[in-house]
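Data block below; observations after.
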Number of protein chains: 4
Amino acid sequence: MADLYAPKPEHKFSFGLWTVGNRGRDPFGDVVRDPLPPVDAVALLAEVGAWGVNLHDNDLVPIDASPADRDRIVKEFKAACQQHGLVVPMATVNLFYDAVFRDGAFTANDAGVRTFALQKTKSAMDLGAELGAKIFVLWGGREGTETDACRRPDEAVKRLREAVNALCEYSIDRKYGFKFALEAKPNEPRGDIYMATTGAYLGFIPTLAHPELVGVNPEVAHEQMAGLNFVHAVAQAWEAGKLFHIDLNDQVPGRYDQDFRFGSANPKSAFFLVKFLEDVGYDGPRHFDAHAYRTEDYDGVRDFARGCMRTYLILRERARQWNADPDIQALVAGLGTQGRRGLGYERLDQLTMEVLLGVRGGG
Amino acid sequence: MADLYAPKPEHKFSFGLWTVGNRGRDPFGDVVRDPLPPVDAVALLAEVGAWGVNLHDNDLVPIDASPADRDRIVKEFKAACQQHGLVVPMATVNLFYDAVFRDGAFTANDAGVRTFALQKTKSAMDLGAELGAKIFVLWGGREGTETDACRRPDEAVKRLREAVNALCEYSIDRKYGFKFALEAKPNEPRGDIYMATTGAYLGFIPTLAHPELVGVNPEVAHEQMAGLNFVHAVAQAWEAGKLFHIDLNDQVPGRYDQDFRFGSANPKSAFFLVKFLEDVGYDGPRHFDAHAYRTEDYDGVRDFARGCMRTYLILRERARQWNADPDIQALVAGLGTQGRRGLGYERLDQLTMEVLLGVRGGG
Amino acid sequence: MADLYAPKPEHKFSFGLWTVGNRGRDPFGDVVRDPLPPVDAVALLAEVGAWGVNLHDNDLVPIDASPADRDRIVKEFKAACQQHGLVVPMATVNLFYDAVFRDGAFTANDAGVRTFALQKTKSAMDLGAELGAKIFVLWGGREGTETDACRRPDEAVKRLREAVNALCEYSIDRKYGFKFALEAKPNEPRGDIYMATTGAYLGFIPTLAHPELVGVNPEVAHEQMAGLNFVHAVAQAWEAGKLFHIDLNDQVPGRYDQDFRFGSANPKSAFFLVKFLEDVGYDGPRHFDAHAYRTEDYDGVRDFARGCMRTYLILRERARQWNADPDIQALVAGLGTQGRRGLGYERLDQLTMEVLLGVRGGG
Amino acid sequence: MADLYAPKPEHKFSFGLWTVGNRGRDPFGDVVRDPLPPVDAVALLAEVGAWGVNLHDNDLVPIDASPADRDRIVKEFKAACQQHGLVVPMATVNLFYDAVFRDGAFTANDAGVRTFALQKTKSAMDLGAELGAKIFVLWGGREGTETDACRRPDEAVKRLREAVNALCEYSIDRKYGFKFALEAKPNEPRGDIYMATTGAYLGFIPTLAHPELVGVNPEVAHEQMAGLNFVHAVAQAWEAGKLFHIDLNDQVPGRYDQDFRFGSANPKSAFFLVKFLEDVGYDGPRHFDAHAYRTEDYDGVRDFARGCMRTYLILRERARQWNADPDIQALVAGLGTQGRRGLGYERLDQLTMEVLLGVRGGG
């Protein structure tokens, strides 16, 4: 039984350095865990069975590192990845932590900030390319407002387009071959963030100069914060050929960004998500953008990371059972029947619950 | 295995006439199911294995029935209950459907409406007592506002107190022996409903003339609409000796009142609820205040009702497994250990998920 | 002062027949107002100063009307519009009320339902064209699920695309010249509705066969139900050239669909919306998709309709004051200053509040 | 006009040291403002016109200060208050920042943590008493869970009761004369916080050994996070004689804890709140528990603080206008009329909006 749920490289499970390295700071409390150096994070991820490790530029290289320091750090990190057999499938850029971005990065009113944000992102792309990443995620966490008096919101869209176009050009010029994955979020840390949902980015992409290079990186928590059905958003992205990456975690609707262990807030919606990804044959990374509770030490961080992957695999197995269940398949076969009065969805959903809860045929 | 999840009288599963009799009307659509006469509802509930049936006055007796009609209807209903072996553990009053209550019942600005609401409730108590009910639920669905310009909210509290005091007096005078269970809801059908949460009623009860007669009837959907943790509310009520009744269903946070099949929106929170009720030995009715999807005919209504009870019993079994799981119990035994750095809650929660999903020890 | 806020034709204020004709039915209560015949609704709208009247097919023509009845009804309605000087800028179709659509219309599993939905929509387009409408709104209120077990969500997207493509063809064939405006909503009456946000539709449109014919109809309440910033959604649509229509009302986030009088739930967000529409020169209809409280008779319905328009005009005047306020404009002029430490947004927002509340210059 | 909205001591406006001293750190970003020493905060508050300053123990005295340092710091702070004419109406304790409280304070599973939390609170009471505070606020920000597997929720209630009882005893023993004000919050920083609403605390208080010493401290943001009507909660507390303190700020429903400037998210609900407090004659502190946007320097912090008080006074003036408006008062006088069909609430609310927006009788 245990083997069934053990992570393997073909599952493409990845974690950000910032996830296992999260130190437990929150708006009302201080850090609770010591820093986890990147090379130790790589070792930890290898120990728990991950396939890939992702990073923001400053997760690895401090914002004020000298070029020599930068090169040494990168070299050590590559060595650690090689030693532990981890790949770097995705890279991204931190445009939210430093105070300079407090009013946004690509959409900031201060043109100097916008220029700096572009330069910083290009450097992060250089770093990602050097590490072998083929996906570059852009999360505009500070692109937003507390008061809409500060900027016309259509101006923000224009600035964002200009930035993404410039980054596409840079990737083309350097022959990096990046696919960009845009990550939406409705709010936090800004009162409202522009491009609040995955749908908003799907609408934005066709207006770009190189739409073929740009897709989305939907995150469970970010859609669920707004109470939206995550699998519907993922399905629209998939059907449009734009599901370039995915961020897995969990979140109770209508709250602060919780980044809980995958499947731990609502296993039913996680089930439908895993089922969709497996049914359509999504073959990109399964990236867990989550972190351990603040009650935990690094043993708990390992439990957290193992739990993310294990729950994914349990739900994948449940999805296979669902697809093989004769009672369910009989109902599914009749779904298109014309003129039916009662559609049998209560029964179908109850059988789904019973597959999920492991009371139909083994478990 | 099937037997394990078959409903029995000792489980005290009850349904309102309005639940299986719900015809599928909603704000944007018409009815989809024919009326279900109360005696047929009793037969349906007996068929699926329920123990009790609850009712609003007008679920059984039309608001404009003559006394003779009323007596005949009640007689037939009692006969049906007796024939099918169903009890009537709870009765309540409909103070929300008729247009007269459009601005509230006990808290309406129109004193004539307040008087009528009291009279109607007393008649509903007469009916409930005649049917053997010992619990009387009060849900003030129209006690609220769309604009707070219409009434001082403290005045509403006073009016509500006056009404509940009068109803307690009436129950004492008539020797009905009712326990009153007050049911909170934050909004819908009013913009805001007074006494928005179970907690608000727990604060209101000690200000009554007969607090010992009055407790609460928490409803899953009503707390979860506001994104609140339902088991915390139930636990506070239980600990205060005020858990007189409970309404089981399911609901995604931050939405319209969905009244979904128990456990179908989020089985994890349903699990903690069932575990709490079973652990503390709650022995009141397990009342399902939910209804079938609008896609269903009466076969689907049966599936819905069976699913509510079956999921409860599956989760009860999962709770027993949790209590018997040696790894979990080892963690639980160490919960109070002083000076621990890592608290092991990620592991504890992951094991809980795996019990829930049926991948630890049978299923 | 009164003149300043009196509605005029150039303001392009329109109401749906279903808005002033709403009878106050809700999930927990019966109708409270008598039916308002369409010709009387036209008279009422003219009386309060509206410019346009919109309709679903069945707001005017009962679903089971004979062709002769249909023609008579349409003729009388056109006469009433002409008599009262009202135009019909927009038409739409009701694909949600009848039980046949309980599992969706264009996305239903039953192919017969999908065919019927297309036919019904084409008839509604015929009606709209006959009445002179140039905008055709599509709101897929039943296109969704209570359980995602019933359909693959990407299949729903494909079905929806097929339907919209067919409707575009029909409009082209008949030379109707319609612009289609797609209206998103996250949930209610379905558990989850596909195409949950305006952004989702902006992403869907470029995948259509005739994207140039299709835009969006954002509704205040529908974005705010999900807690999203409405003006950001409108701005993205505008900037993409896709703001074909707009539905104005109000809504407290995270609740049932309230459809409150425009500006009555949160005047600050309404202010930023009006300011945006006026600043960019949006010249389409200002359509109020709202209804009077259930406490009201038809005098209250008139108050409601007058209030929608009056609040719009008050906020328009406040927007003009904002644009003319020297202190505010001094702050705005400095917004792009490079290298500033304190950005002055607290002051800017406070001045905005004071303009809104009428304590800066005139009022 | 300016004089009308200038803060005066009789308005009893107070701010926490942590509000103007907030440095702008958030979950995704670093501090943006230099530390503000408590004596400088006192000067700043005096400069903007505040009457009182409140504090957590560690806002003033570092958690690791020596007794000698503690006494020196307190002496300097008292001198600064005296010099600037500020009072200290309320004190509280920080039971959330330090890592020791990561699983709660009074409800932690570790008995050593519970003991330490009590000791720390008693020291904070000593400090508050020394500074002349008569109100002691308790906010149990860490009393909650991410997984309900970690503790029976009724056990948490018992532990909380034991702690509050002990603190009441301590206040009595020391003759401090404190009134305790319990502050509810639904979530953040914990996944779920026990005692999620003001109502929950109103239900808890009557179960205490000294209920007469204990009331509530409702906070706008904390109720509105859960989408609840704040003025209804305040009214219930007031009517029960339990409104011992109040925390004013603003918050969009269903989001992270925003702590925005009072009245800036929704001036309409702020209006009804101010109107209620003024109408009933609440004479406690008007405490602003909010902070400036992260875009601001200390000039912006001053703007923020001035804006909180100024908006309160503007809304107070609007409430007076409402009470004096003859059209509104005519409607109010008819509110109780029996047998009315249309209740006129649309008109009443529209007039309220127009008072609020300053378009009725001056502004």
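The values are calculated or read from the model by the stated rules, or taken from the named source; none is laboratory data. Nothing here was measured: the structure is a model prediction, and the numbers come from that model. Ideal geometry is used to build each Cβ from the backbone, glycine not excepted, and the neighbour counts take in all protein chains shown.
Out of everything in segment B:44-65 that is touching a helix residue (DSSP H, G or I) at 6+ places or on another chain (Cβ under 6 Å) and not in a loop (DSSP other than H, G, I, E, B), what residue ends up being surrounded by the most Cβ atoms within 10 Å (Cβ to Cβ)? That would be B:53. Taking the criterion of being assigned to a loop (DSSP other than H, G, I, E, B), in contact (Cβ under 8 Å) with a residue 40 or more places away in the chain and closer than 25 Å to residue A:206 by Cβ, the residues of segment C:213-252 that qualify are C:217, C:226, C:229, C:242, C:244, C:245, C:246. For segment D:80-108, the set of residues classified as surrounded by 23 or more Cβ atoms within 10 Å (Cβ to Cβ) and polar (S, T, N, Q) consists of D:92, D:107, listed by residue number.
Output the number of residues of segment C:139-167 satisfying the condition of being crowded, with 19+ Cβ neighbours inside 10 Å and either part of a helix (DSSP H, G or I) or within 13 Å of chain A (Cβ to nearest Cβ) (or both). Total satisfying the criteria: 20. It is to be established whether one or more residues within segment C:191-204 are in contact (Cβ under 8 Å) with a residue 24 or more places away in the chain and farther than 28 Å from residue B:225 by Cα. Among the residues of segment C:191-204, at least one is in contact (Cβ under 8 Å) with a residue 24 or more places away in the chain and farther than 28 Å from residue B:225 by Cα, which makes the answer yes.
Checking every residue in segment C:13-24 against the condition of being assigned to a helix (DSSP H, G or I), under 25 Å from residue C:256 (Cα atoms), touching a Phe, Trp or Tyr at 6+ places or on another chain (Cβ under 7 Å) and of a type in the set (S, T, N, Q) gives at least one match. The helices (runs of 4 or more DSSP H) located wholly in segment A:253-363 that include 1 or more residues which are modelled with pLDDT of 95 or more and either facing chain B (nearest Cβ under 9 Å) or within 25 Å of residue A:225 (Cα to Cα) (or both) occupy A:267-280, A:298-324, A:345-356. Residue by residue through segment C:109-118, note down the ones that are surrounded by 17 or more Cβ atoms within 10 Å (Cβ to Cβ) and over 23 Å from the mean Cα position of the chain (by Cα). Hits for segment C:109-118 are C:109, C:110, C:113, C:114, C:116. Of note, residue A:130 satisfies the criterion of being surrounded by fewer than 17 Cβ atoms within 10 Å (Cβ to Cβ) and in contact with a helix residue (DSSP H, G or I) (Cβ under 9 Å, 6 or more places away or on another chain). Against the test of being part of a helix (DSSP H, G or I), surrounded by fewer than 20 Cβ atoms within 10 Å (Cβ to Cβ), aromatic (Phe, Trp, Tyr) and more than 7 Å from every other protein chain (Cβ to nearest Cβ), the options C:201, C:176, C:170 yield a single qualifying residue, C:170.
Just one of the listed residues (D:217, D:187, D:165) is out of contact with any Ser or Thr (no Cβ under 8 Å at 6 or more places or on another chain) and under 21 Å from residue A:257 (Cβ atoms), and it is D:187. The numbered conditions (1) closer than 30 Å to residue B:351 by Cβ; (2) surrounded by 24 or more Cβ atoms within 10 Å (Cβ to Cβ) are all true for residue A:276 except (2). Exactly one residue out of A:313, A:331 is surrounded by fewer than 24 Cβ atoms within 10 Å (Cβ to Cβ) and more than 30 Å from the chain's Cα centre (by Cα): that is A:331.
Taking every residue in segment A:84-107 that is without any contact (Cβ under 8 Å) to a residue 24 or more places away in the chain and pairing it with any residue that is in a loop (DSSP other than H, G, I, E, B) and crowded, with 20+ Cβ neighbours inside 10 Å, at least 6 positions away or on another chain, the pairs with Cβ-Cβ distances below 6 Å are A:99/D:32. Exactly one residue out of C:227, C:191, C:241 is buried (at least 24 other Cβ atoms within 10 Å of the Cβ) and over 13 Å from the mean Cα position of the chain (by Cα): that is C:227. Looking at the structure I just gave you, is residue A:102 under 30 Å from residue D:141 (Cα atoms) and at pLDDT 95 or above? Yes; evaluated as a whole, the condition is true for this residue.
Contact annotation: residue pairs with Cβ atoms under 9 Å, 6 or more positions apart or on different chains, pairing a residue in segment B:22-34 that is within 7 Å of chain C (Cβ to nearest Cβ) with a partner that is not hydroxyl-bearing (Ser, Thr, Tyr) and not in a loop (DSSP other than H, G, I, E, B), are B:27/C:26; B:29/C:99; B:29/C:101; B:29/C:102; B:30/C:99; B:32/C:99; B:32/C:102.
Of the residues that make up segment A:237-254, is at least one touching a Ser or Thr at 6+ places or on another chain (Cβ under 8 Å) and of a type in the set (A, V, I, L, M, F, W, C)? Yes, segment A:237-254 contains at least one residue that is touching a Ser or Thr at 6+ places or on another chain (Cβ under 8 Å) and of a type in the set (A, V, I, L, M, F, W, C). Looking across D:108, D:91, one residue alone is within 14 Å of chain B (Cβ to nearest Cβ) and farther than 30 Å from residue C:361 by Cα. It is D:108.
Residue A:123 falls short on exactly one of the conditions (1) more than 30 Å from residue C:321 (Cα to Cα); (2) within 13 Å of another protein chain (Cβ to nearest Cβ), and that condition is (2).
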